[in-house]
Amino acid sequence: ADFVLMASVTKDSALQTLDLALNPHGQSGMQCLLRLVTERWPPLFVRLVGSGGGAAGGVQAPGSVQVNIRDPSGAYRLHLRHPQHRAALQVLLEELRKRCLPLEALHDVTIDGQPVAPTTIFRENPDAEGVQRWRVPDRGTVCLSVDVGAGQQQAFSACRDERELLRTWARTSKIPLPFASFTTALAMFQELRLAEPKNLFLQALAEECVLKVSQVQEFLRESNVLDRSFVVKSLYAAIEHEDKIGMFDIMLIARSTEDVRQMVVETAKFVFFNPCLPNGTYALDLRSPCERTVAAQLLVINAWHRERAKKMNLPDLSQHGDWESVRNIRAGGMPYSCGSDIARFLASADGGSVDLDYAAPPLQDLGQPLDEAALESLLFVLGQSPCSLAQRIRCLRLVAHRLALSTAQVRTLLTSQVPRQQPQLQQPQQQQQQPKVPRTPDSKGPGVAAAGVRRGSKSAPELRRRSSKTHLVAKQDLAHTAGSTAASEGTPTAAAANV
(Lines give C-alpha, C1' and ligand atoms only; values in the text may rest on other atoms or scores of the structure.)
Protein backbone atom coordinates (compact mmCIF):
# COMPACT_ATOMS: atom_id res chain seq x y z
CA ALA A 1 0.00 0.00 0.00
CA ASP A 2 2.84 2.42 0.80
CA PHE A 3 4.42 1.74 -2.60
CA VAL A 4 1.13 2.51 -4.39
CA LEU A 5 0.81 5.74 -2.39
CA MET A 6 4.34 6.77 -3.39
CA ALA A 7 3.52 6.20 -7.07
CA SER A 8 0.12 7.92 -6.88
CA VAL A 9 1.01 11.14 -5.06
CA THR A 10 3.06 13.23 -7.44
CA LYS A 11 5.50 15.93 -6.39
CA ASP A 12 3.21 18.60 -7.88
CA SER A 13 0.18 17.54 -5.86
CA ALA A 14 -1.42 20.05 -3.48
CA LEU A 15 -1.56 17.45 -0.70
CA GLN A 16 0.16 18.70 2.49
CA THR A 17 -0.62 16.10 5.19
CA LEU A 18 -1.19 12.37 4.89
CA ASP A 19 -2.63 10.63 7.98
CA LEU A 20 -1.42 7.00 8.22
CA ALA A 21 -1.71 6.66 12.00
CA LEU A 22 -2.38 3.25 13.58
CA ASN A 23 -1.17 1.40 10.46
CA PRO A 24 1.66 -1.14 10.26
CA HIS A 25 4.60 -0.20 8.04
CA GLY A 26 7.55 -2.46 7.30
CA GLN A 27 11.01 -1.25 6.33
CA SER A 28 10.15 -1.21 2.61
CA GLY A 29 6.98 0.74 3.44
CA MET A 30 8.98 3.25 5.49
CA GLN A 31 11.38 3.67 2.55
CA CYS A 32 8.47 4.50 0.25
CA LEU A 33 7.08 7.03 2.74
CA LEU A 34 10.48 8.70 3.13
CA ARG A 35 10.75 9.11 -0.65
CA LEU A 36 7.22 10.46 -0.69
CA VAL A 37 8.20 13.05 1.97
CA THR A 38 11.63 14.11 0.74
CA GLU A 39 11.09 14.29 -3.02
CA ARG A 40 8.43 17.03 -2.77
CA TRP A 41 8.59 20.73 -2.08
CA PRO A 42 7.28 21.72 0.35
CA PRO A 43 7.72 18.33 2.06
CA LEU A 44 4.63 16.23 2.66
CA PHE A 45 4.04 15.46 6.36
CA VAL A 46 2.97 11.86 7.05
CA ARG A 47 1.39 11.19 10.44
CA LEU A 48 2.61 7.94 11.99
CA VAL A 49 1.14 8.19 15.52
CA GLY A 50 0.61 4.72 16.94
CA SER A 51 2.03 2.99 13.87
CA GLY A 52 3.52 -0.43 14.47
CA GLY A 53 6.24 -2.42 12.78
CA GLY A 54 5.55 -4.60 9.80
CA ALA A 55 7.79 -6.86 7.77
CA ALA A 56 11.45 -6.21 8.41
CA GLY A 57 14.01 -5.92 5.66
CA GLY A 58 12.85 -5.92 2.06
CA VAL A 59 10.02 -8.46 2.47
CA GLN A 60 7.24 -7.80 -0.06
CA ALA A 61 3.54 -8.59 0.07
CA PRO A 62 2.48 -11.75 -1.79
CA GLY A 63 2.01 -11.12 -5.51
CA SER A 64 3.88 -7.81 -5.52
CA VAL A 65 6.97 -7.04 -7.58
CA GLN A 66 10.13 -5.61 -6.03
CA VAL A 67 11.65 -2.46 -7.53
CA ASN A 68 15.00 -1.15 -6.36
CA ILE A 69 14.49 2.57 -6.93
CA ARG A 70 18.15 3.38 -6.28
CA ASP A 71 19.16 1.09 -9.18
CA PRO A 72 16.10 -0.05 -11.15
CA SER A 73 18.11 -1.91 -13.81
CA GLY A 74 16.76 -5.40 -14.42
CA ALA A 75 14.06 -7.47 -16.11
CA TYR A 76 10.41 -7.16 -15.06
CA ARG A 77 7.20 -9.07 -15.72
CA LEU A 78 4.20 -6.97 -14.75
CA HIS A 79 0.53 -8.02 -14.65
CA LEU A 80 -1.25 -4.72 -15.16
CA ARG A 81 -4.50 -5.81 -13.48
CA HIS A 82 -2.55 -5.74 -10.21
CA PRO A 83 -2.50 -2.19 -8.71
CA GLN A 84 1.01 -2.61 -7.31
CA HIS A 85 2.32 -3.77 -10.71
CA ARG A 86 0.85 -0.71 -12.43
CA ALA A 87 2.43 1.46 -9.73
CA ALA A 88 5.78 -0.28 -10.33
CA LEU A 89 5.60 0.54 -14.04
CA GLN A 90 4.82 4.19 -13.26
CA VAL A 91 7.77 4.35 -10.85
CA LEU A 92 10.12 2.91 -13.48
CA LEU A 93 8.99 5.47 -16.05
CA GLU A 94 9.36 8.30 -13.52
CA GLU A 95 12.90 7.18 -12.66
CA LEU A 96 13.86 7.38 -16.33
CA ARG A 97 12.56 10.94 -16.47
CA LYS A 98 14.46 11.94 -13.30
CA ARG A 99 17.70 10.54 -14.73
CA CYS A 100 17.12 12.34 -18.05
CA LEU A 101 17.02 9.04 -19.94
CA PRO A 102 14.79 8.45 -22.99
CA LEU A 103 12.21 5.69 -23.21
CA GLU A 104 14.68 3.81 -25.38
CA ALA A 105 16.34 2.79 -22.10
CA LEU A 106 13.51 0.22 -21.93
CA HIS A 107 14.49 -2.87 -23.91
CA ASP A 108 12.60 -5.93 -25.16
CA VAL A 109 9.19 -4.46 -24.38
CA THR A 110 6.29 -6.84 -25.05
CA ILE A 111 2.57 -6.84 -24.17
CA ASP A 112 0.99 -10.28 -24.02
CA GLY A 113 3.96 -11.60 -25.95
CA GLN A 114 3.76 -9.03 -28.79
CA PRO A 115 6.76 -6.68 -29.26
CA VAL A 116 5.83 -3.01 -29.07
CA ALA A 117 7.66 0.31 -29.10
CA PRO A 118 7.75 2.01 -25.67
CA THR A 119 6.72 5.38 -27.10
CA THR A 120 3.45 3.95 -28.46
CA ILE A 121 2.04 2.75 -25.14
CA PHE A 122 3.71 4.94 -22.49
CA ARG A 123 2.79 8.64 -22.59
CA GLU A 124 2.70 11.60 -20.22
CA ASN A 125 -0.71 13.26 -20.08
CA PRO A 126 -2.05 15.94 -17.71
CA ASP A 127 -4.58 14.80 -15.12
CA ALA A 128 -7.58 16.73 -13.76
CA GLU A 129 -5.26 19.04 -11.77
CA GLY A 130 -3.04 19.70 -14.78
CA VAL A 131 -0.20 17.55 -13.40
CA GLN A 132 1.74 15.47 -15.93
CA ARG A 133 1.34 11.77 -15.16
CA TRP A 134 2.36 8.60 -16.94
CA ARG A 135 -0.54 6.75 -18.52
CA VAL A 136 -0.15 2.98 -18.65
CA PRO A 137 -2.56 0.23 -19.76
CA ASP A 138 -4.77 -1.30 -17.07
CA ARG A 139 -4.76 -4.85 -18.44
CA GLY A 140 -2.36 -7.26 -20.07
CA THR A 141 1.10 -8.59 -19.15
CA VAL A 142 4.10 -6.34 -19.84
CA CYS A 143 7.65 -7.71 -20.01
CA LEU A 144 10.56 -5.29 -20.27
CA SER A 145 14.18 -4.69 -19.30
CA VAL A 146 15.50 -1.47 -17.80
CA ASP A 147 19.09 -0.29 -18.17
CA VAL A 148 20.17 2.90 -16.40
CA GLY A 149 23.87 2.00 -16.47
CA ALA A 150 24.62 4.24 -19.44
CA GLY A 151 23.36 7.32 -17.62
CA GLN A 152 25.34 6.43 -14.49
CA GLN A 153 28.55 5.84 -16.44
CA GLN A 154 28.17 9.20 -18.14
CA ALA A 155 27.83 10.93 -14.76
CA PHE A 156 30.70 8.92 -13.23
CA SER A 157 33.09 9.53 -16.15
CA ALA A 158 33.10 13.26 -15.38
CA CYS A 159 34.42 12.67 -11.83
CA ARG A 160 38.03 13.69 -11.20
CA ASP A 161 38.84 11.37 -8.31
CA GLU A 162 37.38 8.63 -6.13
CA ARG A 163 35.92 10.96 -3.51
CA GLU A 164 33.97 12.92 -6.09
CA LEU A 165 32.90 9.58 -7.58
CA LEU A 166 31.42 8.32 -4.30
CA ARG A 167 29.77 11.68 -3.70
CA THR A 168 28.12 11.53 -7.13
CA TRP A 169 27.15 7.89 -6.62
CA ALA A 170 25.53 8.63 -3.25
CA ARG A 171 23.56 11.61 -4.55
CA THR A 172 22.31 9.75 -7.64
CA SER A 173 21.23 6.66 -5.72
CA LYS A 174 20.05 8.30 -2.47
CA ILE A 175 18.15 11.42 -1.48
CA PRO A 176 19.88 14.35 0.26
CA LEU A 177 18.01 15.82 3.22
CA PRO A 178 17.75 19.61 3.11
CA PHE A 179 16.64 21.38 6.27
CA ALA A 180 12.88 21.32 5.57
CA SER A 181 12.88 17.63 4.63
CA PHE A 182 15.06 16.79 7.64
CA THR A 183 12.75 18.51 10.13
CA THR A 184 9.75 16.73 8.59
CA ALA A 185 11.46 13.33 8.84
CA LEU A 186 12.51 14.08 12.43
CA ALA A 187 8.93 15.00 13.37
CA MET A 188 7.69 11.73 11.87
CA PHE A 189 10.30 9.85 13.90
CA GLN A 190 9.26 11.61 17.12
CA GLU A 191 5.66 10.43 16.67
CA LEU A 192 6.76 6.78 16.80
CA ARG A 193 6.63 5.58 20.40
CA LEU A 194 7.63 1.91 20.21
CA ALA A 195 11.14 0.61 19.63
CA GLU A 196 10.28 -1.67 16.68
CA PRO A 197 8.85 1.01 14.32
CA LYS A 198 11.67 3.37 15.35
CA ASN A 199 14.22 0.73 14.34
CA LEU A 200 12.52 0.20 10.97
CA PHE A 201 12.36 3.96 10.37
CA LEU A 202 16.10 4.39 11.03
CA GLN A 203 17.02 1.47 8.76
CA ALA A 204 14.83 2.88 6.00
CA LEU A 205 16.41 6.33 6.51
CA ALA A 206 19.90 4.86 6.11
CA GLU A 207 18.88 3.03 2.93
CA GLU A 208 17.22 5.97 1.19
CA CYS A 209 18.90 9.19 2.38
CA VAL A 210 22.30 10.86 2.54
CA LEU A 211 22.83 12.31 6.03
CA LYS A 212 25.09 14.82 7.67
CA VAL A 213 26.76 14.36 11.04
CA SER A 214 24.56 16.99 12.72
CA GLN A 215 21.43 15.22 11.46
CA VAL A 216 22.55 11.89 12.89
CA GLN A 217 23.22 13.60 16.22
CA GLU A 218 19.64 14.90 16.31
CA PHE A 219 18.22 11.43 15.67
CA LEU A 220 20.45 10.11 18.46
CA ARG A 221 19.04 12.62 20.91
CA GLU A 222 15.50 11.50 20.06
CA SER A 223 16.30 7.78 20.48
CA ASN A 224 15.91 7.40 24.22
CA VAL A 225 14.11 4.05 23.99
CA LEU A 226 16.70 2.60 21.61
CA ASP A 227 20.20 1.28 22.03
CA ARG A 228 22.45 4.12 20.91
CA SER A 229 24.99 1.74 19.45
CA PHE A 230 22.22 0.36 17.19
CA VAL A 231 21.34 3.90 16.05
CA VAL A 232 24.95 4.66 15.20
CA LYS A 233 25.42 1.37 13.35
CA SER A 234 22.22 1.96 11.38
CA LEU A 235 22.87 5.58 10.36
CA TYR A 236 26.67 5.61 10.03
CA ALA A 237 26.60 4.11 6.54
CA ALA A 238 24.43 7.00 5.29
CA ILE A 239 26.86 9.77 6.39
CA GLU A 240 28.80 11.62 3.72
CA HIS A 241 32.28 10.14 3.81
CA GLU A 242 34.27 13.38 4.03
CA ASP A 243 33.58 14.25 7.68
CA LYS A 244 35.84 11.85 9.59
CA ILE A 245 36.19 13.93 12.75
CA GLY A 246 32.44 14.35 12.98
CA MET A 247 32.01 10.58 12.88
CA PHE A 248 34.10 10.25 16.04
CA ASP A 249 32.10 13.05 17.69
CA ILE A 250 28.94 10.98 17.20
CA MET A 251 30.44 8.08 19.14
CA LEU A 252 31.12 10.30 22.15
CA ILE A 253 27.35 10.69 22.66
CA ALA A 254 27.30 7.10 23.94
CA ARG A 255 26.73 6.70 27.65
CA SER A 256 29.64 4.40 28.53
CA THR A 257 33.19 3.73 27.44
CA GLU A 258 32.28 0.16 26.55
CA ASP A 259 29.59 1.39 24.13
CA VAL A 260 32.11 3.71 22.49
CA ARG A 261 34.61 0.87 22.13
CA GLN A 262 31.96 -1.39 20.61
CA MET A 263 30.85 1.27 18.13
CA VAL A 264 34.46 1.94 17.07
CA VAL A 265 35.03 -1.76 16.40
CA GLU A 266 31.81 -2.22 14.43
CA THR A 267 32.22 0.91 12.27
CA ALA A 268 36.01 0.93 11.85
CA LYS A 269 36.04 -0.54 8.33
CA PHE A 270 33.77 2.26 7.12
CA VAL A 271 35.40 5.11 9.05
CA PHE A 272 38.97 4.20 8.05
CA PHE A 273 38.14 3.31 4.44
CA ASN A 274 40.08 5.59 2.10
CA PRO A 275 38.45 5.58 -1.37
CA CYS A 276 41.50 7.27 -2.87
CA LEU A 277 43.68 4.37 -1.69
CA PRO A 278 41.47 1.24 -1.78
CA ASN A 279 44.33 -1.25 -2.17
CA GLY A 280 44.24 -4.01 0.41
CA THR A 281 42.55 -7.17 1.60
CA TYR A 282 38.92 -7.02 2.72
CA ALA A 283 36.76 -9.39 4.76
CA LEU A 284 33.30 -7.79 4.95
CA ASP A 285 30.24 -8.97 6.87
CA LEU A 286 27.14 -8.01 4.89
CA ARG A 287 24.95 -8.04 8.00
CA SER A 288 26.68 -4.82 9.06
CA PRO A 289 25.32 -1.73 7.23
CA CYS A 290 28.75 -0.09 7.36
CA GLU A 291 30.63 -3.04 5.87
CA ARG A 292 27.90 -3.56 3.27
CA THR A 293 28.36 0.06 2.20
CA VAL A 294 32.14 -0.46 1.92
CA ALA A 295 31.50 -3.43 -0.40
CA ALA A 296 29.17 -1.35 -2.59
CA GLN A 297 31.67 1.52 -2.71
CA LEU A 298 34.47 -0.83 -3.73
CA LEU A 299 32.38 -2.07 -6.67
CA VAL A 300 31.64 1.50 -7.81
CA ILE A 301 35.35 2.39 -7.60
CA ASN A 302 36.24 -0.84 -9.43
CA ALA A 303 33.96 0.04 -12.38
CA TRP A 304 35.40 3.58 -12.51
CA HIS A 305 39.00 2.29 -12.41
CA ARG A 306 38.23 -0.19 -15.18
CA GLU A 307 36.91 2.47 -17.55
CA ARG A 308 39.71 4.91 -16.74
CA ALA A 309 42.40 2.27 -17.31
CA LYS A 310 40.89 1.43 -20.73
CA LYS A 311 40.82 5.09 -21.79
CA MET A 312 44.44 5.61 -20.69
CA ASN A 313 45.60 2.45 -22.52
CA LEU A 314 47.19 1.08 -19.37
CA PRO A 315 48.33 -2.55 -19.35
CA ASP A 316 45.70 -5.02 -18.19
CA LEU A 317 46.93 -6.33 -14.83
CA SER A 318 43.66 -7.98 -13.81
CA GLN A 319 43.39 -11.54 -12.57
CA HIS A 320 41.09 -12.75 -15.38
CA GLY A 321 41.99 -10.35 -18.21
CA ASP A 322 38.87 -8.17 -17.80
CA TRP A 323 40.45 -4.97 -16.41
CA GLU A 324 38.94 -5.67 -13.00
CA SER A 325 40.80 -4.42 -9.93
CA VAL A 326 39.13 -6.91 -7.57
CA ARG A 327 40.87 -10.25 -7.12
CA ASN A 328 40.38 -13.52 -5.28
CA ILE A 329 36.67 -12.89 -4.76
CA ARG A 330 34.63 -15.12 -2.48
CA ALA A 331 31.04 -14.24 -1.65
CA GLY A 332 28.91 -16.41 0.57
CA GLY A 333 31.70 -19.00 0.54
CA MET A 334 31.60 -19.32 -3.29
CA PRO A 335 34.29 -18.03 -5.70
CA TYR A 336 33.40 -15.27 -8.17
CA SER A 337 35.35 -13.85 -11.09
CA CYS A 338 34.17 -10.25 -11.62
CA GLY A 339 32.63 -7.29 -9.84
CA SER A 340 29.27 -7.49 -11.65
CA ASP A 341 28.66 -10.90 -10.09
CA ILE A 342 29.32 -9.40 -6.66
CA ALA A 343 26.89 -6.57 -7.41
CA ARG A 344 24.14 -9.09 -8.12
CA PHE A 345 25.06 -10.97 -4.96
CA LEU A 346 24.81 -7.77 -2.88
CA ALA A 347 21.42 -6.94 -4.39
CA SER A 348 19.95 -10.34 -3.47
CA ALA A 349 21.75 -11.28 -0.24
CA ASP A 350 20.64 -10.07 3.20
CA GLY A 351 23.67 -11.56 4.95
CA GLY A 352 26.79 -13.56 4.33
CA SER A 353 30.30 -12.30 3.75
CA VAL A 354 32.49 -11.00 0.93
CA ASP A 355 36.26 -11.58 0.84
CA LEU A 356 38.38 -9.95 -1.83
CA ASP A 357 41.68 -8.26 -2.64
CA TYR A 358 41.87 -4.90 -4.38
CA ALA A 359 44.77 -3.70 -6.57
CA ALA A 360 44.10 -0.33 -8.20
CA PRO A 361 45.77 0.58 -11.51
CA PRO A 362 48.38 3.39 -11.52
CA LEU A 363 46.14 6.16 -12.83
CA GLN A 364 48.30 9.17 -11.90
CA ASP A 365 51.90 10.16 -11.39
CA LEU A 366 52.79 10.46 -7.72
CA GLY A 367 55.15 13.40 -8.32
CA GLN A 368 58.24 14.32 -6.34
CA PRO A 369 58.99 12.56 -3.05
CA LEU A 370 58.22 14.31 0.21
CA ASP A 371 60.89 16.77 1.34
CA GLU A 372 62.89 15.90 4.43
CA ALA A 373 61.45 18.70 6.58
CA ALA A 374 57.90 17.48 5.99
CA LEU A 375 58.98 13.90 6.67
CA GLU A 376 60.61 14.93 9.95
CA SER A 377 57.43 16.76 10.95
CA LEU A 378 55.35 13.66 10.11
CA LEU A 379 57.64 11.40 12.13
CA PHE A 380 57.51 13.80 15.07
CA VAL A 381 53.70 13.84 15.11
CA LEU A 382 53.52 10.05 14.90
CA GLY A 383 56.14 9.68 17.61
CA GLN A 384 54.28 11.98 19.98
CA SER A 385 50.96 10.21 19.49
CA PRO A 386 49.72 8.10 22.44
CA CYS A 387 47.84 5.80 20.03
CA SER A 388 48.88 2.22 19.39
CA LEU A 389 50.84 1.20 16.31
CA ALA A 390 47.72 -0.19 14.58
CA GLN A 391 45.79 3.05 15.19
CA ARG A 392 48.65 5.18 13.85
CA ILE A 393 48.82 3.06 10.70
CA ARG A 394 45.07 3.42 10.15
CA CYS A 395 45.22 7.18 10.51
CA LEU A 396 48.26 7.43 8.24
CA ARG A 397 46.42 5.40 5.61
CA LEU A 398 43.66 8.03 5.46
CA VAL A 399 46.15 10.59 4.06
CA ALA A 400 48.58 8.21 2.35
CA HIS A 401 47.20 9.06 -1.10
CA ARG A 402 48.62 12.58 -0.66
CA LEU A 403 52.14 11.32 0.08
CA ALA A 404 54.90 10.35 -2.35
CA LEU A 405 57.80 8.61 -0.62
CA SER A 406 61.10 7.29 -1.86
CA THR A 407 62.31 3.85 -0.83
CA ALA A 408 64.70 5.39 1.70
CA GLN A 409 61.88 7.43 3.22
CA VAL A 410 59.66 4.35 3.44
CA ARG A 411 62.46 2.54 5.25
CA THR A 412 62.88 5.49 7.64
CA LEU A 413 59.14 5.59 8.30
CA LEU A 414 58.97 1.88 9.02
CA THR A 415 62.02 1.77 11.29
CA SER A 416 60.77 4.77 13.28
CA GLN A 417 57.30 3.29 13.85
CA VAL A 418 58.17 -0.40 14.17
CA PRO A 419 61.20 -0.62 16.46
CA ARG A 420 63.35 -3.68 15.97
CA GLN A 421 63.23 -6.01 18.93
CA GLN A 422 66.69 -7.14 20.03
CA PRO A 423 66.87 -10.78 21.07
CA GLN A 424 67.65 -11.11 24.76
CA LEU A 425 69.92 -13.93 25.87
CA GLN A 426 68.69 -15.53 29.04
CA GLN A 427 71.39 -16.43 31.52
CA PRO A 428 70.98 -19.91 32.94
CA GLN A 429 69.61 -19.67 36.41
CA GLN A 430 72.07 -21.31 38.78
CA GLN A 431 70.65 -23.07 41.71
CA GLN A 432 72.94 -22.12 44.59
CA GLN A 433 72.99 -24.04 47.79
CA GLN A 434 73.56 -22.37 51.11
CA PRO A 435 76.68 -23.89 52.69
CA LYS A 436 76.06 -25.55 55.95
CA VAL A 437 77.84 -24.15 58.97
CA PRO A 438 79.41 -26.99 60.95
CA ARG A 439 77.88 -27.52 64.31
CA THR A 440 79.90 -28.39 67.40
CA PRO A 441 78.67 -30.77 70.02
CA ASP A 442 77.90 -27.84 72.27
CA SER A 443 76.18 -25.78 69.60
CA LYS A 444 72.48 -25.11 69.77
CA GLY A 445 72.17 -23.83 66.20
CA PRO A 446 73.74 -21.40 63.70
CA GLY A 447 75.05 -17.99 64.57
CA VAL A 448 76.63 -17.46 67.95
CA ALA A 449 75.79 -20.91 69.21
CA ALA A 450 77.53 -22.45 66.18
CA ALA A 451 80.88 -21.02 67.38
CA GLY A 452 80.69 -23.12 70.54
CA VAL A 453 79.87 -20.23 72.82
CA ARG A 454 77.39 -20.76 75.57
CA ARG A 455 74.86 -18.09 76.25
CA GLY A 456 76.06 -15.70 78.88
CA SER A 457 79.63 -17.04 78.96
CA LYS A 458 81.21 -14.10 77.06
CA SER A 459 80.65 -10.37 76.86
CA ALA A 460 78.56 -8.75 74.16
CA PRO A 461 81.53 -7.36 72.09
CA GLU A 462 83.18 -10.76 72.04
CA LEU A 463 79.95 -12.38 70.88
CA ARG A 464 79.62 -9.84 68.01
CA ARG A 465 83.23 -10.42 66.85
CA ARG A 466 82.79 -14.19 66.78
CA SER A 467 79.46 -13.88 65.02
CA SER A 468 80.87 -11.62 62.24
CA LYS A 469 83.84 -13.95 61.80
CA THR A 470 81.49 -16.92 61.38
CA HIS A 471 79.44 -15.03 58.72
CA LEU A 472 82.62 -14.03 56.82
CA VAL A 473 83.73 -17.66 56.64
CA ALA A 474 80.26 -18.67 55.40
CA LYS A 475 80.34 -15.95 52.67
CA GLN A 476 83.78 -17.11 51.46
CA ASP A 477 82.56 -20.68 51.30
CA LEU A 478 79.49 -19.52 49.26
CA ALA A 479 81.70 -17.65 46.75
CA HIS A 480 83.99 -20.65 46.42
CA THR A 481 81.02 -22.95 45.78
CA ALA A 482 79.54 -20.59 43.13
CA GLY A 483 82.92 -20.23 41.44
CA SER A 484 83.36 -23.97 41.21
CA THR A 485 79.90 -24.38 39.69
CA ALA A 486 80.47 -21.61 37.13
CA ALA A 487 83.87 -23.04 36.13
CA SER A 488 82.35 -26.44 35.52
CA GLU A 489 79.70 -24.83 33.19
CA GLY A 490 82.23 -22.73 31.25
CA THR A 491 81.20 -19.37 32.78
CA PRO A 492 83.91 -16.94 33.97
CA THR A 493 84.55 -17.29 37.64
CA ALA A 494 84.60 -13.52 38.16
CA ALA A 495 80.98 -13.26 37.02
CA ALA A 496 80.01 -15.94 39.49
CA ALA A 497 81.94 -14.28 42.27
CA ASN A 498 79.98 -11.07 41.63
CA VAL A 499 76.80 -12.91 42.52
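Quick rundown of the values:
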item: Cα-centre dipole for segment 90-216 with unit charges at Cβ (Lys and Arg positive, Asp and Glu negative), debye to 20; result: 420 debye
item: Nearest-10 value in Å² for the accessible area of Arg133, using the 1.4 Å probe; result: 50 Å²
item: For Arg47, distant residues with modelled amide H under 5 Å away; result: Leu18, Asp19, Leu20
item: Net charge of Cβ neighbours under 11 Å - reference Arg81; Lys, Arg +1; Asp, Glu -1; result: +1
item: Ratio Rg/Rh, restricted to segment 144-205 and using Cα atoms, in which Rh is the Kirkwood radius; result: 1.16
item: Accessible-area order (highest first, 1.4 angstrom probe) of the listed residues Ser288, Ser377; result: Ser377, Ser288
item: Whole-number D in µm²/s for segment 254-330 (Stokes-Einstein; Kirkwood sum over Cα pairs; 20 °C, 1.002 mPa s); result: 149 µm²/s
item: Restraint check, Lys98/Lys198; Lys98/Lys311; Lys233/Lys269; Lys174/Lys212, Cα-Cα greater than 19 Å; result: Lys98/Lys198; Lys98/Lys311
item: Net +/- balance of residues flanking Thr172 in space, Cβ distance below 12 Å, scoring K and R +1, D and E -1; result: +4
item: Sequence of Thr141, Thr183 from largest to smallest accessible area, 1.4 Å probe; result: Thr183, Thr141
item: Of all accessible heavy-atom area on segment 301-375, the percent that carbon and sulfur account for (1.4 Å); result: 52 percent
item: Solvent-accessible area of Cys387 with every protein chain in place, 1.4 Å probe, in Å² to the nearest 10; result: 60 Å²
item: Surface accessible to a 1.4 Å probe, Val4 within the full protein complex, Å²; result: 40 Å²
item: Most to least accessible of Trp41, Trp134 (protein chains only, probe 1.4 Å); result: Trp41, Trp134
item: ³J(HN,Hα) computed for each position of segment 166-171 - Karplus, 6.51 cos²θ - 1.76 cosθ + 1.60, integer Hz, glycine/proline x; result: 5, 5, 5, 4, 5, 7
item: Stokes-Einstein translational diffusion, segment 134-261 - Kirkwood Rh over all Cα pairs, 1.567 mPa s, 4 °C, in µm²/s; result: 76 µm²/s
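The values are calculated or read from the model by the stated rules, or taken from the named source; none is laboratory data. On a predicted model such as this, the values are computed, not experimentally measured, just so you know. Note that we place each Cβ from the backbone using ideal geometry, even for glycine, and neighbour counts take in every protein chain shown. Accessible surface areas use protein heavy atoms only, side chains included; no ligands, DNA or RNA. Shrake-Rupley method; radii C 1.70, N 1.55, O 1.52, S 1.80 Å.
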